[in-house]
Amino acid sequence: MVDRLLHRGREAAAPGDPRDEVWRRVKLARHLGRPRTLELLGEMADEVVELHGDRGFGDDPAIVAGLARIDGRRIAFVGQQKGADTEENVRRNFGMPHPEGYRKAMRVMELAERFGLPVVTFVDVPGAHPGPESEERGIAEAIARSIGLMIRLRTPVVAVITGEGGSGGALAIAVGDVVLALENAVYSVISPEGCASILWRTADEAPAAALAMRMSASDQLALGVIDGVVAEPGEGAHADVRETARRLKSAIVTRLDQLAAVPLDELLEARYRRYRAIGPYTEVAAPAVAQPPSRGLTDRLRDLLDPGRWAAGVPLPGSSRRDEPPAHEDV
Amino acid sequence: MVDRLLHRGREAAAPGDPRDEVWRRVKLARHLGRPRTLELLGEMADEVVELHGDRGFGDDPAIVAGLARIDGRRIAFVGQQKGADTEENVRRNFGMPHPEGYRKAMRVMELAERFGLPVVTFVDVPGAHPGPESEERGIAEAIARSIGLMIRLRTPVVAVITGEGGSGGALAIAVGDVVLALENAVYSVISPEGCASILWRTADEAPAAALAMRMSASDQLALGVIDGVVAEPGEGAHADVRETARRLKSAIVTRLDQLAAVPLDELLEARYRRYRAIGPYTEVAAPAVAQPPSRGLTDRLRDLLDPGRWAAGVPLPGSSRRDEPPAHEDV
Amino acid sequence: MPIKLPSFRPRRDDYPPDLWTKCPSCGEMLFNKQLDKSDRVCPTCDHHFRLSAAARLELLLDPGTFEERDAGLQSVDPLGFVDQKPYPDRVAAAQVATGLRDAAVRGIGAIEGRPVSICVMDFGFMGGSMGAVVGEKVARAAEDAIAARIPLIVVSASGGARMQEGTMALMQLAKTIAVLERRRAARVPYLSLMTDPTTGGVFASYAVLGDVNLAEPRALIGFAGARVSAGTIAQELPPGFQRSEFLFDHGFIDRVVHRRDLRTELVQLLRYLRPADGSSGDGVEGDTRWGFRPMGFLSQLADRVVPEIGPPPGSSGSERSSEERASGEAKRG
Amino acid sequence: MPIKLPSFRPRRDDYPPDLWTKCPSCGEMLFNKQLDKSDRVCPTCDHHFRLSAAARLELLLDPGTFEERDAGLQSVDPLGFVDQKPYPDRVAAAQVATGLRDAAVRGIGAIEGRPVSICVMDFGFMGGSMGAVVGEKVARAAEDAIAARIPLIVVSASGGARMQEGTMALMQLAKTIAVLERRRAARVPYLSLMTDPTTGGVFASYAVLGDVNLAEPRALIGFAGARVSAGTIAQELPPGFQRSEFLFDHGFIDRVVHRRDLRTELVQLLRYLRPADGSSGDGVEGDTRWGFRPMGFLSQLADRVVPEIGPPPGSSGSERSSEERASGEAKRG
Ligand SMILES: [Zn+2]
Ligand SMILES: [Zn+2]
């Protein structure tokens, strides 16, 4: 796990393979030298004032938040912050936030709303911290509430996926009026390794999963999840942090100026509609199920039809808990 | 401490002494058999549905909260809950809430506001839990936020001091449009023991401190902190829980009906004015200090004038911390 | 957040499963008829077996009152996702196995004669995974609740987001939460019931955001999978980790409710949590706000339900229609 | 929550204290002149000595801009409180010792030419304990901030509520929080600075509720006294318990700021946290909202301050007056 977090040891798919291109980007998105929130702000901003603490439990170093001035514009910022080396990564928990990190983010976003500052977020997270303390203190609740706050926040919000956009832990600070991504950023519902180990039964198929999930910035742009891609210089953001920041700053400032021209009520309504409408489905004429037959009958019918289900009296593969395990593997 | 919390071992002041009467009430307020929130509701309400959890850390058994129906009226309730015996007292932490208890209370009060339910609170607490975990998770923040919520809560609030009204831990759920008290309830800014050990240098003077602080319900009525006193039957609430509950119910229902007739905006404005105005002071003509002289001079002058201050180079009595101790003793 | 799908790895059963089921908790052999009578709760150890959406609806609603909405919503394949098997084939197989179009069923029903907007998940359909169809159904259920000013109930049973829909599935967190935020601003009550399992993105969106959160006993509820947690962190998991009771202890669930008491508790809670108009806080029973008269799309249902509700005498003229009220609230929200 | 008052137990000093002070942290002997030059921070170990209200105001505000308000507020004796000594005698003694009427000084001043409403506590006056006068001054400071739409700054230094005023002191928590809630609804910024010590009811009311909470290094900050905590609970206290850095680690303080940087940080923060009118969120510098023109009771101050602020050209006609805006907000709050 630490290996993966430090991005050691994984090789790309065979050259010429379409998986190659996306996997190259995954590796760039995870590159140890990739600029993080504070590095980018350090280049972009004239001034950065970090604020700390969630006012209830702690100050999570995996999320930084505060106030900054970019090109004369005062903003509030929130961003995940991985470490630049092993020591900092340990201190910042490899950029995986605990609930208090998201609660700090919410506090600063509410402050921004109160004082009319636009919010800019920087998303770069393998996923929210998956350990017991995180569950105990309500990582799911913190993510859900942060998403809810960002949807109703009465100030412009620009979100930038700068590196890894890892699942709910990313979306928690990635709801915005405009969502941008750096060219080699990736965004997915589950890590490619996690996806591969479930669907391909081996994490080695991660490049195939990355391709199948279309997690590159350009694919996400095509899907409408993000609104713009900012080109990275040369071999990637790590190769020229200053130039990366310059381009990003220009994109952010342009968007902030566009958003500032929109009345807040319209902005909020458009933001709502954006998320209300997302995700394609179709509608067919005939309902699939009629009024339900008597309780129990359906279940028994399905037990017969679906031999993999638990009711068959056969323990499921991967059972490790005392009672009936749901055999899920989510990240 | 456990002795005090279990109310063992303390004797009343000499008979005939004016301290006697107030101390008798302090003992009744702390009586182990005194009915608590759930016992009172059990008698008063047709239905009680307890809700649990602060949605962030835990479920504090020292505060109970939920929904209840009293005489056909649906309400939300919040109350401190001491134990009826040692075992329950340990489980309920002697009725001393942690921050998550107040955060649960806030959650349920917000629910009440959202769905137009009046709030009734039952106050009976030696004080908020004073231990390290309580400080770590922000007991002060939780108390302050709960007070703030109750002041702006857009639904009628009736608070009842049923036993010990112990300082900030009590006030956190005792802000209301109407504040009632049971006859033998007490309300104070610090426990009489705490007050006595600071001002009299011995906790044995607690009855004197209780008298000086005018902590009885009738004194608090005279001071305008509470609005009504509900007489207890016979020797006190513990002697006849049912009759106590009957009287309390009648008082609560009367007040709820009165409050329901007041438009919410007026109610909120009156509640605000009540707390904005509380606490007498006077105003004299001449300012006490002129424009400050140069920095440092004032301090040095005061060091000379006030030999007990730290700057004198003499360690303060009671110093137990490495650097300059503020020698305070708050509860 | 997505899930591993055991459904698609057919295995041979040693015994015909139509007559009996082995309780995975106490090991007792239970006759299915007996199990059905006890709402699929083990009479020996109170183990709560999973319920299909149909069985759940029958358990919770007044008989014959459920009117399904959006039954025709069906997944598309936004990514052209192929692993060992194309995503559309997986959906088709699940549809055959379950008789459902996707992992949630939603509609309007009545509980003790009072209308509710309800959405129920079915773990049998691809592990109850949430794609665009599930998200859309939850969102529409909330919108119906807002429009009609009736309570919203969502019963979750899901391993999380459906990874075959990629970030389209992830965005369903934002979609459902967006509507739930409007619902809250509109002061329409929402009860969330978590059943085994409620994990990943479903837990981290609509399941955790109830005005009141209920859970069935010993349901697995959590964000990250237990093996992920343990594997990633190399740390021992606390006892009862991610079970209902653990979540209760940590403050995220109001009440852990035995299945036999579920309906009673819902009825009880819904008597307190009524769509509010914000004009008063008297809490007095029989206030006219509850004298709800279904409108518009609810007219069909109303024919069945209204006689049981009984409009308060003389209230119809003095109230704004539910639609007027809802639109007024929505602008504020 | 109230405090033990060492001020009233006179002791003999072994050496004349007018020339030097011993640093309680590193033990260094410091000449007072040297200490004054360094804003009463030990040059050896950075120990922050306490400041009087006057010294604090001089440290934070532009020279000569402080205009005191409500200097004549004085405590009464609501309970007729007598312990070893009547309460009025204690107040009188503290007044003589400090030259203050009570434990807080409040007024209007300017920081880098911009007006602020400020209230500063003085630990030297009965341990900075909060009675009705302190509560009233904090409340009025917040009201002035709302009325003039200027930032509020409160510098706390207090052992807690003043027990000689009993529940009248306790109620100051509610009084101050009530006004601070209106302040928040009015979108007027509030910076809370906690200095050594900030404990009890002061911490549990206005001190903890800043939009941004700042603290001086190693200040004692907590609700219950450390000895109470340890004594009551018979539990070992964590290292650094109730010091600024501990509170920072636990999420209650945004920034621990060395005294030499305080003014700079306040200026910096106030450039972001400006009284907002809620109509836009562009964050662009030089917007007319900040083109505040002091009105009414601020006119005196305005004479001194306005040339430094400089009203934006042409803005005076297009803006509502600050009073109009404040009253509009207050009705909403
Ligand atoms: Zn069993
Ligand atoms: Zn020193």
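If contacts are Cα pairs under 8 angstrom and at least 6 residues apart, what is the relative contact order of segment A:46-114 in percent? Mind dumping the intermediate values first?
Numbers: 131 pairs, mean separation 24.6, N = 69.
With pairs under 8 Å counted, the relative contact order is 36 percent.
Using the Karplus relation 6.51 cos²θ - 1.76 cosθ + 1.60 with θ = phi - 60°, the per-residue 3J(HN,Hα) values for segment D:243-257 come to 9, 3, 5, 5, 5, 4, 4, 8, x, 9, 10, 6, 8, 9, 10 Hz, with x marking Gly and Pro. Around the amide H of C:LEU73, modelled in the peptide plane, lie the amide H atoms of A:VAL284, all under 5 Å away and 5 or more residues distant in sequence or on another chain. The value of relative contact order for segment C:51-272, using C-alpha pairs under 8 Å at least six residues apart, is 16 percent. By DSSP, the beta bridges lying fully in segment A:121-270 are antiparallel in about 5 percent of cases. The relative contact order of segment D:23-100, computed from alpha carbon pairs under 8 Å that lie at least 6 residues apart in sequence, is 14 percent.
Position A:GLU88: other-copy label points at 5.6 nm, ordered by increasing distance, label point 7 Å along Cα→C-beta. Would segment D:51-272 count as rounded, prolate or oblate if I go by the C-alpha gyration tensor, calling it rounded below 1.5 in a/c and otherwise prolate when a/b exceeds b/c, oblate otherwise? Since a/c reaches 1.5 but b/c is at least a/b, the shape of segment D:51-272 is classed as oblate. The phi torsions of segment B:261-277, fed into the Karplus equation with coefficients 6.51, -1.76 and 1.60 and a -60° offset, translate into couplings of 7, 8, x, 4, 4, 5, 4, 5, 5, 5, 5, 4, 4, 3, 7, 5, 8 Hz, rounded to whole numbers, with Gly and Pro shown as x. Distances between copies at A:THR202, taken between label points 7 Å from Cα along the C-beta direction, are 8.3 nm in increasing order.
Reported to the nearest whole Å, the Cα centre-to-centre distance from segment C:187-211 to segment C:242-264 is 12. Copy-to-copy label distances for D:CYS26, where each label lies 7 Å from Cα along Cα-to-Cβ, are 7.1 nm in order of increasing length. Each of B:TYR187, A:TYR275 was scored by other Cβ atoms within 10 Å of its Cβ. Arranged with the fewest first, they read A:TYR275, B:TYR187.
Taking Cα centroids, how far is segment A:54-95 from segment B:72-147 in Å? Segment A:54-95 and segment B:72-147 have Cα centres separated by 33 Å. About the centre of its Cα atoms, segment D:21-124 shows a dipole size close to 180 debye [charges on the beta carbon of Lys, Arg (+1) and Asp, Glu (-1) only; nearest 20 debye]. Of all the Cα-Cα pairs you can form in segment B:18-277, what percent are over 35 Å apart? Everything past 35 Å amounts to 9 percent.
Scalar couplings 3J(HN,Hα) for segment D:76-88, obtained by applying the Karplus form with A = 6.51, B = -1.76, C = 1.60 to θ = phi - 60°, are 10, 10, x, 9, x, 7, 10, 10, 6, 7, x, 4, x Hz; x denotes Gly and Pro. Between C:GLY222 and C:THR198, C:THR199, C:GLY200, the built amide H atoms are under 5 Å apart, and every one of these is 5 or more places off in sequence or on another chain.
Computed from the coordinates by the stated procedures, all read-outs in this text should not be read as laboratory data. Just so it is clear, the structure is predicted and the values come from calculations on it, not from any experiment. Here Cβ is always computed from backbone atoms with ideal geometry, including for glycine, and neighbour counts include all displayed protein chains.
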